[in-house]
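Engineer: Shown below is the structure under consideration.
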Amino acid sequence: MDPKTRKAVSARDAGLARVSRATRLIGVASVAGAVIAAAGFAHLIPTHLPHLNVDDGGGSGSGSGGGNGSSNGSGGLQGPNNAPGGGGSGPSQVQSGGS
Amino acid sequence: MTLGIAAARAEVAAFGGTAVVLTAEPGALDDALAIVREHIRAVDKACSRFRPDSELCRVNEAAGRPVEVSALFARALETALRAAELTDGDVDPTCGDALIAAGYDRDFDELRVSGVTVTVPRPRPIPGWRTVRWNPAERVVTLQRGTRLDFGATAKALAADLAARDVHDKLGGGVLVSFSGDLSACGPAPDGGWRVRVTDDHRAADDRPGQTVTVRDGGLATSSTTVRRWNAGDTALHHIIDPRTGLPTQAGWRTVSVAAVDCVTANTAATAAIVRGESAPGWLAAHGLPARLVRSDGTVVTVASWPADQGSGGAAS
């Protein structure tokens, strides 16, 4: 290879190396920027999207005694473990009505 | 006050209405009441729309900016969003501004005394529960500008569930906690169950139209358009907003009572039924929720396994 060609090849290799370094630098900077942005604005990301999570399985409830699991995170609108019974004619202990 | 078979009863003011605590063991009543009072205080501080120092007011005032909230507020918010999801938006916590626009801008007792400032109710578009940005990991909520939350359909019921569960866990035995007629029962009930009078107004006497039923556990709640009512000009209004119109519902049910696995579910379904109108019985039946619906003319319809309403001339579906 004549000196002129060798010099040209060397210049090309140096150019490719510079481009490669710049590409890697941009890639690293992008990833770092994305991580910083995600950390800084994480509280604005709606990670809980209940409307996209319809009927996500059986109720969590609270276990013993039935009921009172307080619906949070449970499967759906669950009926009672024991349906109301007829009350006969005795006095009531408490009212359920509008407020 | 001792009642029937091994049960005791106490009554205190709470959430602008009446709280009733029943314990199957009479000796547990005082301790149970102390626990319930703690829950009343905590939920009121977190969720009241009428206390300037509440978390709810802080969140509403910060609409447009992220706000970090307490664990209890997070629970109340998630409960309200869940209620909206399960009812296809019939029970929407972003109706706060519409309630204010309809005239319900103060505690209702104050409203009763001083009257409303609104003369012509104007529909206020509901932002919709899907606009609420909620990050449960950070417990940070962000409302759209102009959005005001209202937990009226779920917070009181959540408080009843939490209080009943807490009393049962700490004291054992059976307990029933009722906040203005939204009730939650936990643990073994007295023989025959807890006797509950279902009626238009939770303060009504036993001789008012209604039905007495027994419950053993879980929740029972009643929503009604007959109690929290006011007039704006010539228009009679109430507190249950239809999210689709931004105005109080015009549906035909005046009172709906629902039994469910817990009080939040019962109250969510009862409120949604008022909003849904004629399709409510079928919707409740499809979910297996025993319910009693009263039309404006007093006609009663019962759903699923709700006991027959004797003497009312009602219909079952």
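Engineer: Within segment B:159-191, track down each residue that is crowded, with 24+ Cβ neighbours inside 10 Å, more than 7 Å from chain A (Cβ to nearest Cβ) and over 13 Å from B:Gly218 (Cα atoms).
Structural biologist: If the condition is that a residue be crowded, with 24+ Cβ neighbours inside 10 Å, more than 7 Å from chain A (Cβ to nearest Cβ) and over 13 Å from B:Gly218 (Cα atoms), then B:Ala159, B:Val167, B:Phe179 are the ones that fit.
Engineer: Now, a different point. Scanning for something in contact with a His (Cβ under 8 Å, 6 or more places away or on another chain) and either at negative phi or within 7 Å of chain A (Cβ to nearest Cβ) (or both), does segment B:192-199 turn up at least one residue?
Structural biologist: Within segment B:192-199, none of the residues are in contact with a His (Cβ under 8 Å, 6 or more places away or on another chain) and either at negative phi or within 7 Å of chain A (Cβ to nearest Cβ) (or both).
Engineer: In addition: Strands (runs of 3 or more DSSP E) wholly in segment B:1-96 with at least 3 residues that are more than 10 Å from chain A (Cβ to nearest Cβ) and under 19 Å from the mean Cα position of the chain (by Cα) - which ones?
Structural biologist: Fully inside segment B:1-96 and qualifying: B:7-14.
Engineer: Go through segment B:249-265 and give me each residue that's within 11 Å of chain A (Cβ to nearest Cβ) and in contact with a helix residue (DSSP H, G or I) (Cβ under 7 Å, 6 or more places away or on another chain).
Structural biologist: B:Val256, B:Ser257, B:Val258, B:Ala259, B:Ala260, B:Asp262, B:Cys263, B:Val264
Engineer: Restricting to segment B:42-72, and then to whatever is of a type in the set (S, T, N, Q) and surrounded by 17 or more Cβ atoms within 10 Å (Cβ to Cβ), can you tell me which residue is farthest from B:Gly128 (Cα to Cα)?
Structural biologist: B:Ser54
Engineer: Considering segment B:59-70 alone, what residues qualify as being over 16 Å from B:Asp44 (Cβ atoms) and among the hydrophobic types (A, V, I, L, M, F, W, C)?
Structural biologist: Passing the criteria: B:Ala62, B:Ala63, B:Val67.
Engineer: Can you go through B:Ala19, B:Ala46, B:Ala76 and tell me which one is more than 15 Å from B:Thr154 (Cβ to Cβ) and among the aliphatic types (A, V, I, L, M)?
Structural biologist: Sole residue among the options that is more than 15 Å from B:Thr154 (Cβ to Cβ) and among the aliphatic types (A, V, I, L, M): B:Ala19.
Engineer: Additional query: Can you run down the residue pairs with Cβ atoms below 9 Å, 6 or more apart or on separate chains, where the first is in segment A:76-99 and more than 25 Å from B:Ala153 (Cα to Cα) and at the interface with chain B (Cβ under 7 Å from one of its Cβ atoms) and the partner is assigned to a loop (DSSP other than H, G, I, E, B) and at pLDDT 90 or above?
Structural biologist: A:Gly85/B:Gly193; A:Gly85/B:Arg216; A:Gly85/B:Pro307; A:Gly86/B:Pro307; A:Gly87/B:Gly193; A:Gly87/B:Pro307
Engineer: What is the one condition in (1) in contact with a Gly (Cβ under 8 Å, 6 or more places away or on another chain); (2) at pLDDT below 95 that B:Ala153 does not satisfy?
Structural biologist: (1)
The values are calculated or read from the model by the stated rules, or taken from the named source; none is laboratory data. Note that the coordinates shown come from a computational prediction; the quantities given were computed from them, not determined experimentally. We place every Cβ from the backbone using ideal geometry, glycine too, and count neighbours over all the protein chains shown.
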